[in-house]
1. Looking at this structure, is Thr101 assigned to a loop (DSSP other than H, G, I, E, B), in contact (Cβ under 8 Å) with a residue 24 or more places away in the chain and of a type in the set (Ser, Thr, Tyr)?
2. I'm told Ala236 meets every condition in (1) under 29 Å from Pro282 (Cβ atoms); (2) outside any strand (DSSP E or B); (3) aliphatic (A, V, I, L, M); (4) at pLDDT 95 or above except one. Can you identify the failing condition by its number?
3. Among the residues of the stretch 160-206, how many are in a loop (DSSP other than H, G, I, E, B) and within 20 Å of Lys237 (Cα to Cα)?
4. Which residues, taken from the stretch 28-72, are at pLDDT below 95, buried (at least 18 other Cβ atoms within 10 Å of the Cβ), among the aromatic types (Phe, Trp, Tyr) and not in a helix (DSSP H, G or I)?
5. I want to confirm something. Restricting to the stretch 107-159 and keeping residues that are in a strand (DSSP E or B) and basic (Lys, Arg), which single residue is nearest to Leu281 (Cα to Cα)?
6. Name the single residue, out of those in the stretch 175-199 being crowded, with 21+ Cβ neighbours inside 10 Å and not β-branched (Val, Ile, Thr), that is modelled with the lowest pLDDT.
7. What number of residues within the stretch 256-285 are of a type in the set (Ser, Thr, Tyr) and loosely packed, with under 15 Cβ neighbours inside 10 Å?
8. For the stretch 22-46, how many residues meet the condition of being touching a residue at least 24 places away in the same chain (Cβ under 8 Å) and either closer than 22 Å to Glu122 by Cβ or under 21 Å from the mean Cα position of the chain (by Cα) (or both)?
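The values are calculated or read from the model by the stated rules, or taken from the named source; none is laboratory data. As the structure is a prediction and not an experimental result, all values here were calculated from the model. Cβ: placed from backbone, ideal geometry, glycine included. Neighbour counts: every protein chain shown.
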Amino acid sequence: MKTLSALSFAVTLFPVLCGAAVNVVEFDSSPEGKARYLSQPYYWWGRGKFPVKPGERGRIVSLTNARAKYVFFLFGREDADGAWHPAIGMLKPSRANWGATDFLNFSFGKKKAMKDCAVSLETTSENGFALKFTAPGYEAKCSFEIRENDDRLYMLFSASADTGVRLTCYPSSYAVNYRAGKELRKRYAVTNLRRIPMGTKVPLSEKEYSVFLGDSHFDPAENRGEGPCGVIYDPAKMKATLSVQNYSCTFLFSGKGEMPVVLFDFHNASNKEGERIMRELPVTITKK
């Protein structure tokens with residue numbers, strides 16, 4: 001049986017990194033926190049110019065190099081004991097694609113990450129940051145990195161127990177909102193083995209390792225939309241399911257230990273170009 005080589009995938013994920021920068025803006029309901037929030041250009045989706053109430057706080061984290069800028073928005077309540085429970089969104093490279101308010105979420109047993117885990121943020125180096133999730137008897141960590149002259153986002157999720165992780169995207173455009181764009185959106189996906197139409201939820205096989213996500217109406221080739229997105233992953237380390245729906249699409253993976261993923265945001269690129277890049281990825285496969 002053929003599968004993606006774990007060794008080659010790990011080498012792809014974590015080369016020597018340089019030429020990138022990470023920046024963190026902290027904000028809360030204090031006058032100083034408000035000033036920091038208003039002095040930067042990114043805002044919480046649908047929440048106006050200053051969304052913070054007492055007992056809430058947030059972080060805006062940007063990863064930047066010469067080719068790309070990824071901006072993450074973390075925002076949520078803080079308990080009396082200091083435990084922070086933020087939602088996690090991604091605002092750039094594209095406003096759509098990886099969700100601005102609900103990009104990453106996960107569950108373990110009957111617990112849900114943003115409700116039951118306390119979250120802490122640390123910068124891991126000049127090119128990345130990590131989120132640590134803790135709950136009684138459970139620990140998880142999600143690291144994000146970019147590298148010099150590369151527009152991909154390298155993600156490594158590790159968990160101490162079986163965990164189901166959900167990555168949500170809105171390929172190329174929200175089309176205003178769910179109702180307004182319902183008749184316009186034409187989502188679809190293409191793996192390295194098959195095309196998956198809108199209205200489908202399917203488990204991915206052990207031979208599938210890449211997923212392209214686009215919208216045939218919102219295509220920059222037709223001067224519509226921001227461009228498609230995609231993901232590659234290691235099927236030897238996780239089980240995956242793909243849901244392609246009219247509004248949001250989800251890539252769900254589950255497992256324990258280290259689970260590496262690479263995310264693509266083909267900002268301003270056509271569907272044809274994004275599909276070509278995913279199809280021509282230099283992925284090494286070996287016999288398991």
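1. Details: assigned to a loop (DSSP other than H, G, I, E, B): yes; in contact (Cβ under 8 Å) with a residue 24 or more places away in the chain: yes; of a type in the set (Ser, Thr, Tyr): yes.
For Thr101, the condition - assigned to a loop (DSSP other than H, G, I, E, B), in contact (Cβ under 8 Å) with a residue 24 or more places away in the chain and of a type in the set (Ser, Thr, Tyr) - is met.
2. Only one criterion is unmet by Ala236, namely (4).
3. So in the stretch 160-206, the residues in a loop (DSSP other than H, G, I, E, B) come out as 171-186, 192-194, 198-199, 204-206.
Restricting the remaining residues to those that are within 20 Å of Lys237 (Cα to Cα) gives 192-193, 204-206.
Number satisfying all stated conditions: 5.
4. Matches in the stretch 28-72: Trp44 only.
5. Once the filter is applied, the top-ranked residue is Lys141.
6. Of everything passing the filter in the stretch 175-199, Ala175 is modelled with the lowest pLDDT.
7. Taking the stretch 256-285 first, the residues of a type in the set (Ser, Thr, Tyr) are 270, 284.
After this cut, where a residue has to be loosely packed, with under 15 Cβ neighbours inside 10 Å as well, the list is 284.
Going through the stretch 256-285 one residue at a time, the tally reaches 1.
8. Step one: list which residues in the stretch 22-46 are touching a residue at least 24 places away in the same chain (Cβ under 8 Å), which gives 22-29, 33, 42, 44-46.
After this cut, where a residue has to be either closer than 22 Å to Glu122 by Cβ or under 21 Å from the mean Cα position of the chain (by Cα) (or both) as well, the list is 22-28, 33, 42, 44-46.
Total meeting the criteria: 12.
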